[in-house]
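Visitor: Sharing a structure, written as structure tokens. Questions coming.
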Amino acid sequence: MHANKQKYLYQHIANDISRSITDADYISGQKLPSLREISQRYAVSMATAIKAYEKLEQEGLIEVKPKSGYFVLPQLIQTIDKPEITRPKNKPTNVNVAHLAMSLITEARHPRLIKLGAAVPGEDMLPLASFSRSLAGVARRHWKALSRYEDAQGNESLRKQIAILMRDSGYRCKANEIIITNGCLESLNIALRCVAKPGDTIAIESPTYFGVLQVIENRGMRALEIPTHPQDGIEIDALAKAIKQQKISACVLIPSYSNPLGACMPDDNKHYVVKLLEKAGIPLIENDIYGGLSYQTPRPKSAKSFDGSGNVLYCSSFSKTLSPGLRIGWIIPGRHFENVRYQKFLDNLSTTVLPQIALAEFLERGQYRRSLRQSANIYQGRMQQMQRWVAEYFPAGTRITHPQGGFLLWLELPNHCDSLALYQQAMEKRISITPGKLFSAQGQYKHHIRLSCGAVEGEQAKQALKIIGKLVGT
Ligand SMILES: Cc1ncc(COP(=O)(O)O)c(C=O)c1O
């Protein structure tokens, strides 16, 4: 073949694949077709296929892994900046977000909304059909279990399975260290109640999940918002300084893929914070609900995995990975075990019986882990797409986070933007978003929003972002 034609061909193939990467048809980490497949698909020689991949390698779009093949590299959305580190006021604040949270969440349940607001996975992202077969089988075989209360600590087989899951986060424990709860929020509620009392100050990331704020509000405690980096999580020096300056009774963190920032603390920071708090005698409540949805394997370590003294109360649930409606979570309370078990008993005696048995069987079959990996892959692709569309449709000055796990994005909009008003305007167009104000006790983040790609994707997400981008620009 003529040399020029060869050049044109490899360039054409490289451009084709590059476009597929930009459009997220091929997503970060995904394996590309083999050289043989490329040569057959484009009817070119192996040498031309090799040259096309070499070009993509030079452009930093793909990498070759010896004996494995070619893979897509993470794509940087270069046209749009990341948000800066946050700077909340350095003083404890009474919290008052629960009413706003409840009214926005109730409103956003409307079935015909495009749900970019709720941090909830779509039906298609959850292994519900498979799990419901377990549930039906268990209902047939174990219906007599309904005649009794489950132990306050929870079903033993389920606790054994959770102990196995915990190894992924670098923490080895026995089933008898775990207590089953009605979801992560109950775990947080009990944990906080066990380690602090009304009027106490609780250190938190800023912004943080409004459920954490609700729990603090409900208990009559005060929130001390600590500066937080959108990539690396809580600023450890600021936390150390706050501990020196004020009396802090507990610290609540979401160290791996926080809500709303998607930040993940590096291992060294997790280690440092665990030791810092241990030394200061301040319990750490770790919320690890998104840790399993890492785009990379192995998933990041939990803070709990650095805990040698039982000072960390680890909280999580299956709400983001299997079913929010199941209402099953757990807590590993460390040295607060007896008190936590007692508080769980006082609250509601125990968690409902049959779903625990079904979940234990489901986890034993290994399907949960497979589904976790698949969902994380899909979320990674959706997040990249959403970032691109925000870059395309939102006005200059917009900033966006780049999480490496989970399905939440945090946007800093131009200063003039009022995200609560934007929320109302978007709802009129039947699109839900979450206004930033919900994530701060101090009423910060008025021009920020959280977007979720848990339940919305493709053309629907694109059109919705186009509309919101336009509203922001007006
Ligand atoms: C960080 C975080 N923690 C806890 C929860 C609530 O968990 P659960 O439904 O298991 O109570 C959520 C739900 O959005 C969350 O994002």
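Visitor: If I ask for residues that are without any contact (Cβ under 8 Å) to a residue 24 or more places away in the chain and within 24 Å of PRO92 (Cα to Cα), which ones from the stretch 398-452 would you list?
Guide: GLY443
Visitor: Being within 20 Å of GLN442 (Cβ to Cβ) and touching a strand residue (DSSP E or B) at 6+ places or on another chain (Cβ under 6 Å) is the filter; apply it to the stretch 189-201 and report the residue that is nearest to the ligand (Cβ to nearest atom).
Guide: It comes out as ALA196.
Visitor: Here is a further query. Hey, VAL215 hits all of (1) part of a loop (DSSP other than H, G, I, E, B); (2) within 22 Å of LYS304 (Cβ to Cβ) but one; which does it fall short on?
Guide: Just one mismatch for VAL215, condition (1).
Visitor: Still on this structure: When the residues of the stretch 398-433 are narrowed to those that are more than 15 Å from TYR257 (Cα to Cα) and assigned to a strand (DSSP E or B), which ends up nearest to the chain's Cα centre (by Cα)?
Guide: Per the criteria, the residue is LEU411.
Visitor: Residues that are out of contact with any Gly (no Cβ under 9 Å at 6 or more places or on another chain) and away from the ligand (no atom under 16 Å from the Cβ), at least 2 per element: which strands (runs of 3 or more DSSP E) completely within the stretch 254-332 meet that?
Guide: Because the criterion is at least 2 residues that are out of contact with any Gly (no Cβ under 9 Å at 6 or more places or on another chain) and away from the ligand (no atom under 16 Å from the Cβ), no strands (runs of 3 or more DSSP E) in the stretch 254-332 meet it.
Visitor: Kindly provide the set of residues from the stretch 344-359 that are more than 16 Å from the ligand (Cβ to nearest atom) and crowded, with 16+ Cβ neighbours inside 10 Å, ordered by number.
Guide: Once the filter is applied, which keeps residues that are more than 16 Å from the ligand (Cβ to nearest atom) and crowded, with 16+ Cβ neighbours inside 10 Å, the stretch 344-359 yields SER350, VAL353, LEU354, ILE357, ALA358.
Visitor: Sticking with this one: Filter the stretch 110-142 for residues that are in contact with a helix residue (DSSP H, G or I) (Cβ under 8 Å, 6 or more places away or on another chain) and in a helix (DSSP H, G or I) and give the result.
Guide: Those that are in contact with a helix residue (DSSP H, G or I) (Cβ under 8 Å, 6 or more places away or on another chain) and in a helix (DSSP H, G or I): MET125, SER130, PHE131, SER134, LEU135, GLY137, VAL138, ALA139.
Visitor: Quick check on my filter: what residues within the stretch 99-109 are part of a helix (DSSP H, G or I) and either without any contact (Cβ under 8 Å) to a residue 40 or more places away in the chain or within 14 Å of the ligand (Cβ to nearest atom) (or both)?
Guide: HIS99, ALA101, MET102, SER103, LEU104, ILE105, THR106
Visitor: From the list TYR295, TYR272, which residue is touching a helix residue (DSSP H, G or I) at 6+ places or on another chain (Cβ under 6 Å) and modelled with pLDDT under 95?
Guide: TYR295
Visitor: Quick check on this structure: which one of ILE204, ILE180, ILE190 is assigned by TED's automatic domain parsing to the domain that holds ASN287, within 19 Å of the chain's Cα centre (by Cα), buried (at least 17 other Cβ atoms within 10 Å of the Cβ) and not in a loop (DSSP other than H, G, I, E, B)?
Guide: ILE204
Visitor: From the list ALA129, ALA175, ALA152, ALA118, pick out the single residue that is modelled with pLDDT under 95, surrounded by 16 or more Cβ atoms within 10 Å (Cβ to Cβ) and more than 16 Å from the ligand (Cβ to nearest atom).
Guide: Every option except ALA152 fails the conditions.
Visitor: Moving on to the next point. Since GLY366 meets every condition but one in (1) at pLDDT 95 or above; (2) more than 30 Å from PRO207 (Cβ to Cβ), which condition does it not meet?
Guide: Just one mismatch for GLY366, condition (1).
Visitor: Would you call LEU438 farther than 21 Å from ARG112 by Cα and assigned to a strand (DSSP E or B)?
Guide: no
Visitor: Shifting gears a bit: Please find, within the stretch 52-83, the residue that is surrounded by the fewest Cβ atoms within 10 Å (Cβ to Cβ) out of those that are outside any loop (DSSP other than H, G, I, E, B) and modelled with pLDDT under 85.
Guide: GLN58
Visitor: Criterion first (closer than 16 Å to ASP200 by Cβ, among the small types (Gly, Ala, Ser) and within 16 Å of the ligand (Cβ to nearest atom)) does ALA223 satisfy it?
Guide: Answer is yes for this residue.
Visitor: Say whether the condition of being within 16 Å of the ligand (Cβ to nearest atom), at pLDDT 95 or above, more than 24 Å from ARG167 (Cβ to Cβ) and not basic (Lys, Arg) is met by at least one residue in the stretch 233-243.
Guide: Looking for residues that are within 16 Å of the ligand (Cβ to nearest atom), at pLDDT 95 or above, more than 24 Å from ARG167 (Cβ to Cβ) and not basic (Lys, Arg), one finds at least one in the stretch 233-243, hence yes.
Visitor: Would you say SER375 is farther than 17 Å from ALA175 by Cβ, buried (at least 21 other Cβ atoms within 10 Å of the Cβ), polar (S, T, N, Q) and more than 14 Å from the ligand (Cβ to nearest atom)?
Guide: It is true that SER375 is farther than 17 Å from ALA175 by Cβ, buried (at least 21 other Cβ atoms within 10 Å of the Cβ), polar (S, T, N, Q) and more than 14 Å from the ligand (Cβ to nearest atom).
Visitor: Residue by residue through the stretch 333-371, note down the ones that are of a type in the set (S, T, N, Q) and assigned to a helix (DSSP H, G or I).
Guide: Listed by number, the residues that qualify are ASN339, GLN343, ASN348, GLN356, GLN367, SER371.
The values are calculated or read from the model by the stated rules, or taken from the named source; none is laboratory data. The structure displayed is predicted, hence computed values, not measured ones. Neighbour counts are summed over all protein chains in view; Cβ atoms, including those assigned to glycine, are modelled from backbone coordinates with ideal geometry.
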